[in-house]
Each structure stands twice: as C-alpha cells, then as structure tokens.
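Quick notes on the structure that follows.
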Amino acid sequence: MKKTFKIGGTHPKDSKLSSEIAIESFPPVPRVCISMAQHLGAPATPIVAKGDKVVVGQVIGEPAGFISGFVHSSVSGTVADVLPMADLAGNMVPHVVIDVEGDEWDPAIDRTDKIVTESSGTPEQLIAKIKAAGIVGMGGATFPTHVKLAPPKDKKAEYLILNGAECEPFVTADDRIMREKPVQIVIGARIMMRALSVEKCFIAIEENKPAAIAAMTKAAGSYVGIEVLKMKKKYPQGGEKQLIDAITSRQVPSGALPIDTGCVVQNVATALAVYEAVQKNKPLFERVMTVTGNCLQNRKNYKVRIGTPLKDILAAVGGAPVEGNMKYISGGPMMGKAIVNLDATTQKGSSCLLMLTEEETLRKPESNCIRCGKCAEACPMGLEPWLLNKLARVGDRYDDLEQNNIADCIECGCCLYTCPANIPLLDIIRVNKAEVMKIIRARQAK
Amino acid sequence: MSQLIVSPSPHLHGPESTSRIMTDVLIALAPACLASIYFYGLPVLLLLAVSVLGCVLFEFLILKYLMKSKAVFCGSSAAVTGVLLALNLPPAAPWWIAVIGAFVAIAIAKMSFGGLGQNIFNPALVGRVFLLVSFPVIMTTWTAPAGLFHNVDAFSGATPLSIINEGVKAGFPANEIIAAHDFTPAQMLFARTGGSIGEVSAIALLIGFIYLLVRKVIRPHITLSIWVTVAVMTGIFCLINPAQYSGPAFNLLTGGMLLGSIFMATDYVTSPMTVKGQIIFGFGIGVIAILIRYFGSYPEGVSFAILIMNCVTPLLNKLKPVGFGRK
Amino acid sequence: MITTIYVTVAALTVIGLLIAVVLYFVAKKFKVEEDERIDRIEAVLPGANCGGCGSAGCRDFAQRLVKAPEIGALFCPVGGNDVMKKVAEVLGQDAVEQAPKLAVVRCNGTCDNRQKTNYYDGVQSCKVKAALYTGDTGCKYGCLGCGDCVAACKFGAISMDPATGLPVVDESKCTGCGSCAATCPKGLIEMRSKGLKGRRVTVICVNKDKGAVARKACLAACIGCGKCEKVCQFGAIKVENNLAYIDWNLCKLCTKCVSECPTGAIHKFNFPAPKPVEQPVEQVENKEVLL
C-alpha cells in the first residue's frame, strides 16, 4: 500500500519537466562568490584573506557556533575579496569572492568514479568527517547534518528516513541523483545508519518517480535493513513531520523535535554528500540543481559549484526565456524563495532555479473569505488558517494566535495555494508566527 | 523595462476560485432547474430569470453605490442565491414575489451583514421565509406539475407534506394517506412531486449532489448527517406509531429535504467548517426539521431548521480540527 | 378586559421591584473595591486607548499612574502637558512637563527619487515585506510604502500620498503617541519635539550605505558627505555610519545645512515661505523673540 500522511495536503500539478534530462556538469565560471551563511545558524567565519591562493575543497570558512558549519572553496584560484554582498533576498551576508584559475583539487580528494563500498570508523569519527565536509540538509532547510546525526544523549534514534519524496513541483534534482547514483546514496545511508547506530532505514520516494524507485530498490537490495517505500503523491510529503507520520504513523508532538519520535530524516542528496565526504574525502562544494520552468525550452539538471552566480546559470540556458516581468525562484514553487538579486550565487541548499512567467505566478486580487474551510482541510498541521488570518489582522491577538497553535505552522503554503478567495493567508501567518515564537522564546528564557 | 517579481512563497496558486466554485454550484443546480421547467412550464423560467437578475443586480448596486466597496464583485455567488430562491418559490408565484424575495435575500440577509462571506443566515432561505410569512397565501398555493407547455393550474395541487399534515390532523392514519396517494419512493424519486419549484424531481437534485461531490465543491458530511438523522428519527417514530408519523423514505424524498440538505445547508458561509461541526450541524437540522414536520403547524420545516442551525454555526466553528501531534 | 391590563401592570411592577431589590444587594455584596482615583484619572485621559504611553489602554495607564510612587516617568503623549497636569492634580503630585512630540517620516524616496527595481506581489503589509526582503527599490533602508503606519494611527493623522508613495503626517492631527514609529519595520518614523512654533530642520533619510551606493538607489539620499556637519555652528549635526542626524535639542533652526546639503536630504518645515535662503543665525533668533 502506498503510504502518505494523515492530515491535509494538496495536489499541485506535477510539472516534473526535467526528469528525463541527465545531470550535466556546469561549465566553469570566471569568478565565484561563496556565501558564509549557507546553513541554518550562525554564518561561518571566513579564514582566507584577499590575495590568498585556494584549491578546490579547501576550507575557507569555519563554524561560528554549535549550529554552524564549514564552508569550502568550490574552485581553485585567488581570493579577490572578502566582503558583505547581497544574497538573493538583498540582505548583506559575508561572501568570499574567488577569481578562478584552472581547476586544481585538493590532492586528498578521490576523483575517480570507482564506488567505494567498504567503510570503517566509529560513529564519532564518521560524524567528525561529515562535519568537516560542511554537509548540511540539502532539501532546502540547510540544517547542519552533523548536529542532526548526533541526537542528545537522552534521545535514541530508531529509524533513519531518507527523504526522496521531492514533493515540490518542477524540482527533479533528487530524482536524477537517485537514478544516476543509487548505490552511492545507499552507501551514504549505511554510513548515517552507523553514525546513528540504527538498524532500519526507509527510503521514501513518491510514486511519480518510478525510475528512481526501481533504481533505489535495486541498489538497496543487497543491504539488510534498508527498505524503499513508494509514497502517494501528495504535497507536502517531503515535510519532515509529514514523512515521519506517513512512514511510522508517529506524530511529532507539537513543540517537539523529530528525534522525539525516534526518527532522523535526511535528504537523499545529503546521503550522496555523506558518501562523497566519507568515502571519497570530498567536501560539499557542488550540488545538483534543476533549472526549469514551463517557459524555458532548455531545461537542465546541472551539477553546479557552490558560489556560481545565478545570472551565469541563466545565461547558460539562454537568458530570460520570455520578455516582460519574470519571477525567478530558488527552490520549488511552494516553499522556494523569490530571487531579488540575480547577482546572488548558488548555495548548498539551492535545489532548483525555477522560472515563472507573470501569468503563472501573479497573485489574483484578494476577495472576501467565503468560509469554505478549504484552507483548514488542506493544512497538514491541522490548523485553521482562516482563523489565524482573522486574528492576525485584528492585531495584537498574539495570545489567541498562540492558543490556536500558530507556532505549529510549517509554512508549506497549502492554505494560500488552496484559498479560492486568494487571501494571502501564509503571508500573514508567517510574520505573526515569528512574533509568537519571539514571545514564546522570551517566556522560556525567563 | 522588465522587472523581477517578488513575493513570499508559495509562488503558484491552485485552480480554485470563488467564482469557479459558484459556477460549479450553478451547474449542479441546472438539472433541477431544467426538470422544473419541464414539469411546470415557462412561468418557472420567468421566475428563475427574475430572481437571478434581481439578486445579481441588487448585490451589484448595493456593493458599488451604497457600500462604495472596492471588494471584488462575485456575480455568480449572487446568481446562486437567485436560483435557490426561485427554486424555493411555488410554481404559480407572480414574478414580483421573486423581486421582493431577491431584495430581502441580498439587501437584508447578505449585504447588511457586510456582503459575501459575512452573512449569518442563508440569504435565499431568509428571502423564502420572509415571503412565506408575508404572503402566506401565495407562498402556499401549490400547483400540480402539468408539463412544459401547459398553463399552470392554480387549483389542483397540494404537496405531499401538506396532504399528510392535514390528513393526520383530520384523523386519518399517515400510512393510509401515503398509500392512497401513491407516494411510493420510486414515484417521488423520479418526478412530479408537488411543492416548490425545486422539489419537483428528487433525481435531478441527486444528480447535482453527485456533481458537487465529484468536483469536490462540498464534502458530504452535512448532507449525509441530515439524511441519517432524518432516517433514524422518522424510522423510530414510524415504528412506534405508523398511523401518526410518516416514514423515512417519505420524509427524505418530500418537500425541501433534498433541496435543503444538498444546496442550502451546505452553503459555505453559513455552515461550520470542521467535520465535527458539520456532523452536529446536520444532526441539528434533521432533528428540527422532523420536529416541525411532526408536531408543528407548518407542514414543512427544513427552511426553519437550516436557519436555526445557521445561528449555531459560529459556535460550532469553535470546534477545532485535531492538530498534528496534538492527540 | 381592563382588569387584565391592571393585573398585568401590577404584576410587572412587582416583578420589577423585586428584581431591583435583588440587584441592589447583589451589587453591594459583590462590589469590587477599586481606587476611586482610577476612575477620576480615566475620565481626564483622552480615552483613545492608543497605547502611546506604553500601557494597554487608558484604564491600564490610569491604574499604573495610581500605583506609581512618582508619575514623572509616565506620560500621556496624546493628552500632553494639559492632561498630565490634571492627572497630577488628582494624585496630588507635581506634573513633569514634556515637549509635545510629533511623528516625522524620515524618507524622501518618492517614485521620482527612487526607482523601483522589482515588483512586489505579496500582501500589502510592510511587516510581511520587510520579513521577506529588502524592498522593491535599491534602498534597503527606505519606506516600503505599504502603509502599516497608516493603519497603526488611531487618529487618522497619517495618509499615503499617491503621488510620492510615501506616508504624510498631518501635524494638526498627530498626537505624538508613537504607534506608527513602533509599527514601522524600517524604523523610519522618529518621534521628535514639535520644535519652536512647529519649526524643524530634519534629515529626511536613514540610509546608512556609502554615499555612492545610497545615491545610486535614491536621488534624495543622505550620502554622509559631512558638509552639514561642518556648516553647523552649534554642533547639532553628527554624521555616523554615512548618515547625518540633527539633534533637535541643539539645533537653532539656522537652516544653513538645508542649503548646504548636495542631495537635498535636509528639509525645513513650517518656516515662513518668503525667506532668504542664507540668513544669519542671530537674525533668526531675534525673530523668534519678536514673534
């Protein structure tokens, strides 16, 4: 039986336009700008200075806190500058700018295609290696992987769940790597199972990726304890809490962490990065990124170095596909971020560069709420978005918002997607959730 | 110069829109309208047209000129009210009744509460009940369904419910009246049930119900909850005393029960949003409707039942859905 | 017939009297003891419940006033000194005078001065827009133009000027409560003293970018050149982080800086219209005395 989560969900159009396009290496660019804030938590501290020579895979940023991570150079060349630059939302973030000269890799990296199956090391050694490789959750949340693989002492992991659901429309990066590198992903999963000391791993893939399911099933066949699950197609299947619910029927209690259900969820791309880091000594400095859109003819699945300017990628697929106003999105159409600044560069979490035309994306005028309840029906967290919207618009009703569990919102966008009156539910809920979280944290701090 | 468009996520919107939903409801009402035109003839078409035009026009004028609102005008929503109002009128009603009904429905029941989505009571039902208490003779003068090209004959009809109501009051057993008038389920299901325009063909209403379900416009909870409540309640009463109380099939298929439970009780604005609330809502309607039918002086109680339960909707909306991880 | 009426009237009267007696005793028994001064102070307060004093409304403020040993730290910006004097009378304390405040929007990024660089398609709320990104113009400090301040103002003193896309404060209506300043996610609105005869000289910009960057984003931006700082004889102007700021306590309203500013970021308000640009300071001060 195909599994899925129990509450809510929507069915946006699939639009996996680039699923049959093989991964292609993105050609080198003359200059990369590597952000120091590619992970959740504190931005890394740059440890190179203007004029320094760097090689591919060299550490250029060190973690600046517990929840932080290493950043490596994705190219070889000379550091042109270390300065704050605008990220894709226009906010200033420290970047290391490197002028590319040749392609000289750190000699420790195993660049052969040979698949290394045997691995050794204690969980601590493995986690240290993963941390040193700067691996973060590559589904988009960019939570440092080594933190997730080392749960607090009082909590015991029981299952590892590899998230290959890829429930966002358009994005095909995970689909492609599952088809092209299934064995490596499974080895990555084995390594994480060892790091967590768990016996069971589920690989969850939505039913709309039959080729990936076949490839992963074949690759997982030779290992005990790894099971590939075919999931029903429903958004947001790839949400951490939804995926745990779908597979184990355990619901992460409100306010708790996924580890409280004994589950650790990792993206398949993260598993691949773990394989490369542990078996090939290759830190995370490149990733697969889908470049797609209904309006785009030349769709791609690029393996792209971190720090590549988005406008270079845009130019490589032929520039702006249509005249007029466009929306470029980093990530999928449901949870991705709109790009304000095309000079911004790719990051560890950039799974997709999506192009939408005005007709596809412009919001229609908001009309009155007709109390149809479709938002509440669609909400995978069992909230009532219409009520939260109403309370929020009254203003200063944070107590009521908290009582109506606004803090549970995962910002998946189902409510706004479904609303027949085009009410910007999530826009309003998101900022008010932030306020409520602030109030909750202030109270806990007391 | 072309610019980048920026907005918070999500960047796509689903196909649903208010006007699409209302258009779907209109399509679902089409079989009932066609059936009533077929059975009652062209005067019904006039009533439908007047009522729809009246509702749309009143809503537009009030929204733009009285409220001076910049809100989006949703004509299809007003049209739904218009059709429902017309379907609730007796076939021989004069056209101006529809105008008054439309005015009360839109101006008083809908726009005075703030317009689309703000009203407490179902506008079409308010219009109907207003007409019923203001023009009791016109609103209870029934005609037998004659056919498309026959003149409406204003002397021959009575609704099955009123026949039972009168008959039981006069001392005849209900089951015998039903048998004498040949009110078999098959007969009532397929056609020619006397009463309001929309009640003429149960099958046409059921087709509309299935359409609404298939298009996912409504969820079945309210309607089914009403049906189950009515069936169980009338079943019990009928078992106790078949001479006094009519049975489940009769009660489900006659009067405004189908029209009300499928199209009026499920109105988004005036019904609860959560499944729990919807089931309680339907239960309440069923109980009140049957109580009025059995013990009230009116032969029909669905309109009143829905209006009464409309008052409870805000309370029922306090029932929360079960949150994720909050068992 | 007439008996029925008598009986009815009598019955109702008796019921009414009975209920009145019951209610009277209930009210006596369950009366909440409260400082009667709270009511008296509340009566004096403006009753706008704006929250400008930092309390959750006028009654809450009245309670705080009664509890506070010294009312010096508490002030009702809406009622101003007159109201506080009355409050002080009720409490038998001395009122502490404060200069009347006014909201000043420190952005002149009109549609002409500041080109839009992208098209914002989200909900029209500054709060949402600010949480999403730096805004739809090149200036990441300036007004977002969605009018959260307009909605926050309980006195109808702020409106959006459709020509400029910026909020305009109606000085006659502004009570200085500060709700708009608290609402603005960019912190553009400054609560400052109304100034002598309402005259003010203010830097209408908060852009902290380097001059070239700021200028590229907006023609009316403060570029932090420091000319105003040099020309000011009273040390009222400080340039910090590429941004000039005029301390209104030190400013003598000479308006020299206004003409000195190369981008026109310094504005003067409520000065008489026909007025030579270069005016000696002494003269201004004399005029003030004369007026």
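The values are calculated or read from the model by the stated rules, or taken from the named source; none is laboratory data. Everything numeric in this text was worked out from a predicted model, so none of it was measured. Note that each Cβ is placed from the backbone with ideal geometry, even for glycine, and that neighbours are counted across all protein chains shown.
Taking the listed residues C:A27, C:A43, the one that is surrounded by fewer than 13 Cβ atoms within 10 Å (Cβ to Cβ) and assigned by TED's automatic domain parsing to the domain that holds C:D60 is C:A43, with no other qualifying.
Considering only segment B:4-41, state which residues are buried (at least 17 other Cβ atoms within 10 Å of the Cβ), assigned to a loop (DSSP other than H, G, I, E, B) and either of a type in the set (A, V, I, L, M) or within 11 Å of chain A (Cβ to nearest Cβ) (or both). Matches in segment B:4-41: B:S7, B:P8, B:S9, B:P10, B:H11, B:L12, B:H13, B:G14, B:E16, B:S17. Contact map, segment A:281-296: residues that are over 16 Å from A:E168 (Cα atoms) paired with residues that are of a type in the set (F, W, Y), Cβ distance under 8 Å, separation 6+ or inter-chain. Pairs shown: A:P283/A:F70. Might you check whether a residue that is more than 7 Å from chain B (Cβ to nearest Cβ) and farther than 22 Å from B:K318 by Cβ occurs anywhere in segment A:397-407? Within segment A:397-407, not a single residue is more than 7 Å from chain B (Cβ to nearest Cβ) and farther than 22 Å from B:K318 by Cβ. Residues C:A265, C:A244: which one is under 27 Å from C:Q98 (Cα atoms), buried (at least 16 other Cβ atoms within 10 Å of the Cβ) and either basic (K, R) or modelled with pLDDT of 90 or more (or both)? C:A244 is the lone residue from the list that is under 27 Å from C:Q98 (Cα atoms), buried (at least 16 other Cβ atoms within 10 Å of the Cβ) and either basic (K, R) or modelled with pLDDT of 90 or more (or both). Against the numbered list (1) farther than 19 Å from C:N108 by Cα; (2) free of Cβ contacts under 8 Å to residues at least 40 places away in the same chain, C:C225 comes up short only at (1). When every residue of segment C:238-247 is checked against the conditions, none turns out to be assigned to a helix (DSSP H, G or I) and touching a Ser or Thr at 6+ places or on another chain (Cβ under 9 Å). What residue, of A:V147, A:V82, A:V93, is within 14 Å of chain C (Cβ to nearest Cβ) and either on the phi > 0 side of the Ramachandran plot or outside any loop (DSSP other than H, G, I, E, B) (or both)? Among A:V147, A:V82, A:V93, only A:V93 is within 14 Å of chain C (Cβ to nearest Cβ) and either on the phi > 0 side of the Ramachandran plot or outside any loop (DSSP other than H, G, I, E, B) (or both).
You will find that of C:V168, C:V90, C:V123, the residue that is more than 14 Å from chain A (Cβ to nearest Cβ) and either touching a residue at least 60 places away in the same chain (Cβ under 8 Å) or touching an Asp or Glu at 6+ places or on another chain (Cβ under 7 Å) (or both) is C:V168 and no other. Surrounded by 23 or more Cβ atoms within 10 Å (Cβ to Cβ) and away from chain A (no Cβ under 13 Å): does that describe C:A99? When the stated conditions are applied, C:A99 does not pass them. Among the residues of segment C:60-75 satisfying the criterion of being within 20 Å of the chain's Cα centre (by Cα) and crowded, with 19+ Cβ neighbours inside 10 Å, which is modelled with the highest pLDDT? Filtering first and then ranking leaves C:F61.
Of the residues that make up segment A:344-353, is at least one hydrophobic (A, V, I, L, M, F, W, C) and part of a strand (DSSP E or B)? Yes.
To keep it simple, each residue is scored yes or no on (1) within 14 Å of chain A (Cβ to nearest Cβ); (2) outside any loop (DSSP other than H, G, I, E, B); (3) in contact (Cβ under 8 Å) with a residue 60 or more places away in the chain.
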{"position": "B:L57", "(1), (2), (3)": "no, yes, no"}
{"position": "B:F60", "(1), (2), (3)": "no, yes, no"}
{"position": "B:L84", "(1), (2), (3)": "no, yes, yes"}
{"position": "B:L89", "(1), (2), (3)": "no, no, yes"}
{"position": "B:L125", "(1), (2), (3)": "no, yes, yes"}
{"position": "B:L131", "(1), (2), (3)": "no, yes, no"}
{"position": "B:T141", "(1), (2), (3)": "no, no, no"}
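Of the residues making up segment A:242-282, not one is out of contact with any strand residue (DSSP E or B) (no Cβ under 9 Å at 6 or more places or on another chain), of a type in the set (K, R) and within 14 Å of another protein chain (Cβ to nearest Cβ). Please count how many residues of segment A:415-443 are in a helix (DSSP H, G or I), in contact (Cβ under 8 Å) with a residue 40 or more places away in the chain, more than 8 Å from every other protein chain (Cβ to nearest Cβ) and closer than 21 Å to A:T10 by Cβ. Qualifying residue count, segment A:415-443: 3.
Kindly indicate the residue of segment A:340-361 that is more than 7 Å from chain B (Cβ to nearest Cβ) and of a type in the set (A, V, I, L, M, F, W, C) and also surrounded by the most Cβ atoms within 10 Å (Cβ to Cβ) among those meeting that condition. Of everything passing the filter in segment A:340-361, A:L354 is surrounded by the most Cβ atoms within 10 Å (Cβ to Cβ).
Could you give every pair whose Cβ atoms fall below 8 Å, whose first residue belongs to segment A:364-377 and is under 16 Å from B:S271 (Cα atoms) and more than 7 Å from chain B (Cβ to nearest Cβ), and whose second residue is among the small types (G, A, S) and crowded, with 22+ Cβ neighbours inside 10 Å, counting only separations of at least 6 or pairs across chains? The qualifying pairs are A:E377/A:G8.
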